[in-house]
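I have placed the structure first, in the form of structure tokens, so that the comments after it can refer back to it.
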Amino acid sequence: MASSVYDGIYVRESVENTAKILVVGPFGVGKTTLIDAVSEIEPLRTEELMTQAGAAVDSLAGIHGKTTTTVALDFGRITLGDDVALYLFGTPGQSRFSPIWNELAQGAYGVIVLVDCRRLEASFEAMGLVERRGLPYVVALNVFSDSPEFPEEELREALDLAPDTPLVTCDARDRASVVHTLITLVKHLTRTQESV
């Protein structure tokens, strides 16, 4: 049901194009935060408190103050301009949830791979899943207060990125920064479609 006056719940009547976008990355990288920062609707979250029972499988090494974890998905929506709505699906970061990731990947147009520069190696599994699915993606380096700075060439080499894969810096807490990342992804998707 459409609403003639946009009220933050219904998709605007002017929207002509929609796309499913995945937000992936390792445990504790900021996927839930990113969707919360940019969603124009109240985000759906499946966060649960972390318990001692999970300590053996969910290492908190390099992650400070984390008390919850996504166990199924995060969901939000953002309208870009007046005519494009993006449906954002955040995936759990732990490998034990990969069956859920594979389900969420169905029908996705593109992916934001959120990366933490303090622990680049934690991103390799998520990037591998995206690449095996053949989905176009951008890599967004989430900024933390203690994030080290590396030259772009070093990051591209460490992450084994193709020359045409966009690499951007993103503060997952900041709406404008996340919007910039999404626009970069949409432009990348457009270029990818035009080259097919």
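Of the GluC sites (Glu not before Pro) found in the range 91-196, the ones in coil according to DSSP and having at most 10 other Cβ atoms within 10 Å of their Cβ are Glu149.
Once the Cβ-Cβ distance of Glu121 and Asp174 is raised to the sixth power relative to R0 = 25 Å, the FRET efficiency obtained is 0.45. Under a 5 Å amide H cut-off, with hydrogens placed 1.01 Å from N, Lys20 pairs with Tyr87, Tyr109 among residues at least 5 apart or on other chains. With R₀ fixed at 30 Å, the C-beta to C-beta distance from Asp164 to Tyr10 puts the FRET efficiency at about 0.25. Using the Karplus relation 6.51 cos²θ - 1.76 cosθ + 1.60 with θ = phi - 60°, the per-residue 3J(HN,Hα) values for the range 138-145 come to 10, 9, 10, 7, 6, 8, 10, 4 Hz, with x marking Gly and Pro.
For GluC sites (Glu not before Pro), the sites in the range 11-45 that DSSP calls loop and that have at most 12 other Cβ atoms within 10 Å are Glu13, Glu16. The stretch between Ile100 and Glu157, if pulled fully straight at 0.36 nm per residue, gains 17.6 nm over its current Cα-Cα span.
Values quoted throughout were computed directly from the atomic coordinates according to the rules given, and no laboratory measurement underlies them. Quick caveat: nothing in here was measured; it's all calculated off a predicted structure. Every residue, glycine as well, gets a Cβ built from its backbone with ideal geometry; the counts of neighbours run over all protein chains shown.
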